[in-house]
Each structure stands twice: as structure tokens, then as C-alpha cells.
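One structure below.
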Amino acid sequence: MSEPDRYAVIGHPVGHSRSPFIHERFARQVGHNIDYTTIDATPAQFAPAVLRFFAEGGKGLNVTLPHKQAAVHLAADLTPRAEHAGAVNTLTPRAEGGLTGDNTDGLGLTRDLIYNFGVTVAGRRVLLLGAGGAARGALMPLLDLQPRELTIANRSPARALELAAEFGQDGEVHGCGFADLHGAPYDLVINATSASLANEVLPLPAGIVGAHTFCYDMAYKAEDTAFVRWAQQRGCTRAVMGLGMLVEQAAEAFFIWRGIRPETASVLAALKVELAAEE
Ligand code: ATR
């Protein structure tokens, strides 16, 4: 058998990344021979580690925290979605030399919402919490689905206003602080802040969610995040975490690299079993 094509995820820390688990299963599913590893690199080590990986014949890299913005500057060209996101999570060598930077995170989010949870975004009122890198990456893919309105709320309102102004020409987009939120419950609330990772509860007005609201936390943990618990306590019956987004963004990267879109449901199910076993 010929040598496997080499792929990796680069981050810091990266030891707990689920990407090797996911990509190995995708490859097995479609009968491809790949080797997918992790590369732990500090910010100072990032650029040389990427260049070395590709110089040694690597076929593709996923980029995770804290390097997604730095990866923009390593790419010779960016796809439009990476340019909008201002961040790169997938690097692929070009035939003419240099790297293409892409970002599959936003598509991972919308595919999880639409295909795994059956959520409708078109014509609905959407609230996006946060105005950092994760929120920025989600904006274009969400606006492409044509919500009736999209509100960005952030702890620092100025950042939400800036982001809304930047994307305002692409739809009905408003920015505000958490305390400014009022009116009828939203149809879809997406938490793109990093508060969940620190288990912190966002100071949100209770009225923004109702029984029909779909609440999605882009973070995931073995147990429910503070945001999911907050939503459930306010009567929300559908409050979920972003494990499916992780699998879907990986499937899109796999498609870029291998030209075939793997089936994701079985891999997501296997990942849930794996996580539950670790508890
Ligand atoms: P990421 O790339 O994960 O989005 P980031 O660019 O540092 O990381 O952005 C973090 C986001 O989470 C920001 O919207 C931040 O709010 P501020 O802009 O006000 O800093 C938000 N955030 C982080 N911790 C938070 C907390 N405890 N409460 C509310 N918002 C929080």
C-alpha cells in the first residue's frame, strides 16, 4: 500500500482536539488512506511549523485556537468566506505554490442547524451573542440564509455596533449591548461568546427566549454549558451545544482536501459515545 497522505490540526493546546478522531472516521468511511495528527505550536512556533509541515509533503492543515487569525497572513490567497471571517481554519497547498486559506466554521454551524436540527433561518429573527472571532465567522453564512433580522449583542456594545455596521449592507443587522435587548422572544439565539468555556452566565434579559426559541451554544462540553442551562431554566425546550458544528466543519475541510463529502451523522454519534465514555 502507498504511503498515507498527511494531514494535521495545529493549535495550542491541541492535545484534546477531536479532529484526528473525526477525520480518521471520514477516511475509513470513504476508503481513503490518510494519516491525521496533531501539532502543538505556540504563536512563535506557528509559522515555521506550518511551513515545515507543507515542505515535508503535508496535504492539508486545520488551524485551531489561538492561530486562526495568524493563519490569514500565511495564506497566499483566501476564499471569500475566510476573508469575511478574518480567520482561517483550513490551509491547503496550491498547485502554483503557497497556501490557500479557507474557513469552514460558519458553514459547519449552518449545516448543523439546518441538517442536524432542522432549524429554519430564512425569515426568522436571529440573535447572535458575542462580537469576537467566532461571531464574525458565523455572520456571513447566517446572513446568506436570509433571516428577517439579525441582532448582534455583546458585553462591549461598541464591538457589536462595529460588526453590525460592517455587515449591515448584507441584510437587516443591528448591534447592541445585552441590556438593550427587549421585545418578543427570538426564534434562534446563538452563543458565540467564549463565556461558556469559563462556565460564566451571560447577563441576558429573560424575555429574549421562549418555549419556541432554538438556542445554540457554539461551545460544547461533556455536561450542559451555562448558556444551555440558562435557556432551559427559562422554558426553552431546544437548547443544544455545538458538537455537530465541529463534525460539519471537519466534513467541509475533508471535502476540500479529498473531493468527497463524508456522511456525518454516524461520526457525530461515535463522537458522542466517545465523549460520554470520558466523563
Ligand atoms: P472568539 O474567537 O472565541 O470569538 P474573542 O475574539 O476573544 O474569541 O471574543 C470573545 C467573545 O466572547 C467576545 O464577544 C467577548 O465579549 P467582549 O467583546 O465584551 O470582550 C465575549 N465574552 C468572553 N467572556 C465573556 C463573559 N464572561 N461575558 C460576556 N461576554 C464574554
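The values are calculated or read from the model by the stated rules, or taken from the named source; none is laboratory data. Here the structure is a predicted model, which is why all the values come from computation and not from measurement. A quick note on method: Cβ atoms are made from the backbone with ideal geometry, for glycine too, and the neighbour counts reach across all protein chains shown.
Residues to consider are 197, 181; find the one that is assigned by TED's automatic domain parsing to the domain that holds residue 114, more than 9 Å from the ligand (Cβ to nearest atom) and not polar (S, T, N, Q).
Working: 197 fails: more than 9 Å from the ligand (Cβ to nearest atom).
Exactly one of 197, 181 is assigned by TED's automatic domain parsing to the domain that holds residue 114, more than 9 Å from the ligand (Cβ to nearest atom) and not polar (S, T, N, Q), namely 181.
Select from segment 13-31 the residues that are more than 17 Å from the chain's Cα centre (by Cα) and assigned to a loop (DSSP other than H, G, I, E, B) and list them in ascending order.
13, 15, 31
Would you confirm whether or not segment 71-78 contains a residue that is closer than 25 Å to residue 264 by Cβ and of a type in the set (Val, Ile, Thr)?
no
Hey, among 14, 88, 30, 9, which residue is surrounded by fewer than 19 Cβ atoms within 10 Å (Cβ to Cβ), of a type outside the set (Lys, Arg) and either closer than 26 Å to residue 265 by Cα or in contact (Cβ under 8 Å) with a residue 12 or more places away in the chain (or both)?
Values: 14 fails: surrounded by fewer than 19 Cβ atoms within 10 Å (Cβ to Cβ); 88 fails: surrounded by fewer than 19 Cβ atoms within 10 Å (Cβ to Cβ); 9 fails: surrounded by fewer than 19 Cβ atoms within 10 Å (Cβ to Cβ).
The match here is 30.
Give segment 229-259 a look and list any residue that's among the β-branched types (Val, Ile, Thr), under 19 Å from residue 110 (Cα atoms) and surrounded by fewer than 19 Cβ atoms within 10 Å (Cβ to Cβ), or say none.
Initially, segment 229-259 is screened for residues among the β-branched types (Val, Ile, Thr), giving 237, 240, 247, 256.
Filter again for under 19 Å from residue 110 (Cα atoms), leaving 240, 247, 256.
Selection gives 256 alone.
Give me a count of the residues in segment 110-148 that are within 16 Å of the ligand (Cβ to nearest atom) and of a type in the set (D, E, K, R).
Residues in segment 110-148 being within 16 Å of the ligand (Cβ to nearest atom) and of a type in the set (D, E, K, R): 1 in total.
Quick one: is residue 178 surrounded by 15 or more Cβ atoms within 10 Å (Cβ to Cβ), modelled with pLDDT of 95 or more and over 30 Å from residue 276 (Cα atoms)? Full working, then the answer.
Working: surrounded by 15 or more Cβ atoms within 10 Å (Cβ to Cβ): yes; modelled with pLDDT of 95 or more: yes; over 30 Å from residue 276 (Cα atoms): yes.
Spelling it out, residue 178 is indeed surrounded by 15 or more Cβ atoms within 10 Å (Cβ to Cβ), modelled with pLDDT of 95 or more and over 30 Å from residue 276 (Cα atoms).
May I ask you to list pairs of residues, at least six apart or on different chains, whose Cβ atoms are under 7 Å apart, with the first in segment 151-165 being among the β-branched types (Val, Ile, Thr) and the second being assigned to a helix (DSSP H, G or I)?
Pairs found: 152/135; 152/160; 152/163; 152/164.
Only one residue in 52, 18, 81 is of a type in the set (Lys, Arg), over 27 Å from residue 194 (Cα atoms) and in the same structural domain as residue 260 (by TED's automatic domain parsing). Which one? Quick ask: steps written out before the conclusion?
Working: 18 fails: over 27 Å from residue 194 (Cα atoms); 81 fails: over 27 Å from residue 194 (Cα atoms).
Of 52, 18, 81, the one residue that is of a type in the set (Lys, Arg), over 27 Å from residue 194 (Cα atoms) and in the same structural domain as residue 260 (by TED's automatic domain parsing) is 52.
What's the number of the condition residue 260 fails, among (1) in a helix (DSSP H, G or I); (2) modelled with pLDDT of 95 or more; (3) over 15 Å from residue 116 (Cβ atoms)?
Residue 260 satisfies every listed condition except (1).
Select, from 186, 220, the only residue that is hydroxyl-bearing (Ser, Thr, Tyr), in contact with a strand residue (DSSP E or B) (Cβ under 6 Å, 6 or more places away or on another chain), more than 16 Å from the ligand (Cβ to nearest atom) and part of a loop (DSSP other than H, G, I, E, B). Outline the logic, then answer.
Values: 220 fails: more than 16 Å from the ligand (Cβ to nearest atom).
None of the others qualify; the one that does is 186.
Over 16 Å from residue 258 (Cβ atoms) and touching a residue at least 40 places away in the same chain (Cβ under 8 Å): is that true of residue 113 in this structure? Give the derivation first.
Working: over 16 Å from residue 258 (Cβ atoms): yes; touching a residue at least 40 places away in the same chain (Cβ under 8 Å): yes.
For residue 113, the condition - over 16 Å from residue 258 (Cβ atoms) and touching a residue at least 40 places away in the same chain (Cβ under 8 Å) - is met.
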